[in-house]
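Undergrad: I'd like to ask you about the structure that follows.
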Amino acid sequence: MKKAISVLSGGLDCTVATSVYAEEYEIHAITFNYGQKSFERELKAAKEICAEMNWSHEVIDLPWLSKISTSSLNTTEEIPEVFIDDLDDLEKSIESASSVWVPARNMVFTSIAVSYAESLGAEIIIVGWDAEEAATFPDNSKEFLNAFNELIDVGSPDKIRIEAPAIDLNKEEIVKLGVEVGAPMHLSYSCYKGGEKHCGVCESCMRRKRAFDKLGIKDESEYEV
């Protein structure tokens, strides 16, 4: 069976993206620990997802990334809380994104994933990059995806491609896709804060909640708010 590397944080987007390829590929999921507040809860989600889907799973520790980061995700800085109307306010979204930005995170993660793909003979690397987050996170954009695939073409002797099935989708469309492919969305975890339940007020939680609400689909995850 063909092999794939999944960059799996345990979040909604990567869970759905990986599930798209679950029947066609043998999935090897990797979860990164870069000192994020939500790591333990993300790890729990990733492990449960991999057990449910029969995917292999490995954790990669990046302590140096935690040391150089000034992001609110892995420092004592407070993670921003937002209102539902803020999600479509580009200026406020950029401000929130700036607070949680981790230096070159997706460049680092994807480069390591390429190493794993070469080592295991995997043909694809699956990521959860999507159009909604690309508005404020450039390393979620189609331009970034295309550029990284060009880099792999030049820098790797193997034929490896990054696949991002949600690259043109917003959160609602991602949830729809998740339903279609039978993704274990109920096991996924999206909160920046790292509590046992989703906080319900950080931007990641708010975008997730809004998507399920707009579709009239029950999100089986638990929220504090």
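Readers should treat all values here as calculations from the given coordinates under stated rules, not as data from a laboratory. All figures in this text were calculated on a predicted structure; none of them were measured in a lab. Because the Cβ atoms are built from the backbone with ideal geometry, glycine has one as well, and the counts that use them run over all protein chains shown.
Undergrad: Over the range 48-124, consider all pairs of different Cα atoms and compute the Kirkwood hydrodynamic radius from their mean reciprocal separation; express it in Å, one decimal.
TA: Values: mean 1/r = 0.0648 Å⁻¹.
Hydrodynamic radius (Kirkwood, Cα pairs) of the range 48-124 is 15.4 Å.
Undergrad: Whole-Hz ³J(HN,Hα) for each residue in the range 70-87, computed from phi via Karplus 6.51 cos²θ - 1.76 cosθ + 1.60 with θ = phi - 60°, x for glycine and proline: what do you get?
TA: 10, 5, 5, 5, 9, 10, 7, 4, 5, 6, x, 10, 10, 9, 4, 5, 5, 5
Undergrad: Among Leu62, Leu177, Ile167, whose Cα lies farthest out toward the positive end of the dipole of the range 54-179, if unit charges sit on the beta carbon of Lys, Arg (+1) and Asp, Glu (-1)?
TA: Sorting the options by dipole projection puts first Leu62.
Undergrad: Through the Karplus equation 6.51 cos²θ - 1.76 cosθ + 1.60, θ set to phi - 60°, convert the phi angles of the range 110-121 into ³J(HN,Hα) values in whole Hz; use x for Gly and Pro.
TA: Karplus-based 3J(HN,Hα) across the range 110-121 equals 5, 4, 5, 4, 5, 4, 5, 4, 4, 5, 8, x Hz.
Undergrad: Give me the Kirkwood hydrodynamic radius of the chain, using the inverse of the mean 1/r over all pairs of distinct Cα atoms, in Å to one decimal. Intermediate results must be reported in sequence, preceding the final value.
TA: Numbers: mean 1/r = 0.0571 Å⁻¹.
It is 17.5 Å.
Undergrad: Test of understanding: in a Gaussian network model of the chain with alpha carbons linked when under 10 Å, which of Ile49, Ile84, Ile30 would top the mean-square fluctuation ranking?
TA: Largest GNM mean-square fluctuation: Ile84.
Undergrad: Let me ask something additional. What is the magnitude of the charge dipole of the range 122-225 about its Cα centre, with +1 placed on the Cβ of each Lys and Arg, -1 on the Cβ of each Asp and Glu, and no other charges, expressed in debye to the nearest 20?
TA: On the way: 13 positive and 21 negative charges, 69 e Å.
So the dipole magnitude of the range 122-225 works out to roughly 340 debye.
Undergrad: Relative to the Cα centre, what is the charge dipole magnitude of the range 165-225, using +1 at the beta carbon of each Lys and Arg, -1 at the beta carbon of each Asp and Glu, and rounding to the nearest 20 debye? Mind dumping the intermediate values first?
TA: Numbers: 10 positive and 11 negative charges, 27 e Å.
Dipole of the range 165-225, to the nearest 20 debye: 120 debye.
Undergrad: Starting from the Cα-Cα distance between Thr70 and Asn146, subtract it from 0.36 nm times their residue separation and give me the gain in nm to one decimal. Show your work: numbers first, answer last.
TA: Working: separation 76, 0.36 × 76 = 27.36 nm, distance 2.79 nm.
Stretched fully, the Thr70-Asn146 segment lengthens by 24.6 nm.
Undergrad: Taking amide H positions as placed in the peptide plane 1.01 Å from N, state which residues far from Lys3 in sequence (5 or more) or on other chains have amide H under 5 Å from it.
TA: Excluding prolines and chain starts, which carry no amide H, the hits are Glu26, Glu123.
Undergrad: Whole Å is fine, so just give me how far the alpha carbon centre of the range 164-180 lies from that of the range 206-225.
TA: Taking the Cα centre of the range 206-225 as reference, the centre of the range 164-180 is 15 Å away.
Undergrad: What is the calculated FRET efficiency for Glu77 to Glu48, with r their C-beta to C-beta distance and R₀ = 35 Å, to the nearest 0.05?
TA: Working: r = 29 Å, r/R0 = 0.83.
Rounded to the nearest 0.05, the efficiency is 0.75.
Undergrad: Near Val102, within a Cβ-to-Cβ distance under 15 Å, what is the net charge of the other residues, with Lys and Arg +1 and Asp and Glu -1? Don't skip to the answer; put the middle values down first.
TA: Details: positive: Lys37, Lys67, Arg105; negative: Glu42, Asp61, Glu77, Glu133, Asp139, Glu203.
With Lys, Arg at +1 and Asp, Glu at -1, the net is -3.
Undergrad: Continuing with the same structure: Summing +1 for each Lys or Arg and -1 for each Asp or Glu, what net charge is found among the other residues whose Cβ lies under 10 Å from the Cβ of Arg41? Write down the numbers at each step before the final one.
TA: Details: positive: Lys37, Lys44, Lys193, Lys197; negative: Glu40, Glu42, Glu196.
Its environment carries a net charge of +1.
Undergrad: Amide H of Ala22 versus every other amide H placed in the peptide plane: which residues, excluding those fewer than 5 positions away on the same chain, fall under 5 Å?
TA: none
Undergrad: Next question. Magnitude of the Cβ-charge dipole of the chain, K/R +1 and D/E -1, about the Cα centre, nearest 20 debye?
TA: Values: 22 positive and 41 negative charges, 90 e Å.
Dipole size: approximately 440 debye.
Undergrad: What list of ³J(HN,Hα) couplings, whole Hz, do you get for the range 21-38 from phi and the Karplus terms 6.51, -1.76, 1.60, once you set θ to phi - 60° and write x for glycine and proline?
TA: Going residue by residue, I get 9, 5, 7, 8, 10, 7, 8, 10, 8, 10, 10, 9, 10, 10, x, 5, 4, 8 Hz, with x marking Gly and Pro.
Undergrad: Right, another one. Going by Cα centres, the range 96-136 and the range 43-63 are how many Å apart?
TA: Between the Cα centres of the range 96-136 and the range 43-63 lies a distance of 16 Å.
Undergrad: Using 27 Å as the Cα-Cα cut-off, could you pick out the over-long pairs in Lys47/Lys214; Lys92/Lys193; Lys3/Lys44; Lys92/Lys171; Lys197/Lys218; Lys159/Lys209?
TA: Numbers: Lys47/Lys214 29 Å; Lys92/Lys193 19 Å; Lys3/Lys44 24 Å; Lys92/Lys171 18 Å; Lys197/Lys218 16 Å; Lys159/Lys209 38 Å.
Flagged as over cut-off: Lys47/Lys214; Lys159/Lys209.
Undergrad: Can you find, among Val102, Ala117, Asn140, the residue sitting farthest towards the positive end of the charge dipole of the range 65-164, where Lys and Arg contribute +1 and Asp and Glu -1 at Cβ?
TA: Working it through, the farthest residue towards the positive pole turns out to be Ala117.
Undergrad: Okay, moving on. Most mobile of Met53, Met206, Met185 per a Gaussian network model of the chain (Cα springs, under 10 Å)?
TA: Met53
Undergrad: Moving on to the next point. When the scattering of the range 137-225 is computed by the Debye formula from its Cα atoms alone, each counted once and equally, what is log10 I(q)/I(0) at q = 0.17, 0.20 Å⁻¹?
TA: -0.82, -0.97
Undergrad: Would you mind checking which residues have amide H under 5 Å from Val59's amide H? H placed 1.01 Å from N; only 5 or more apart, or other chain.
TA: Thr31
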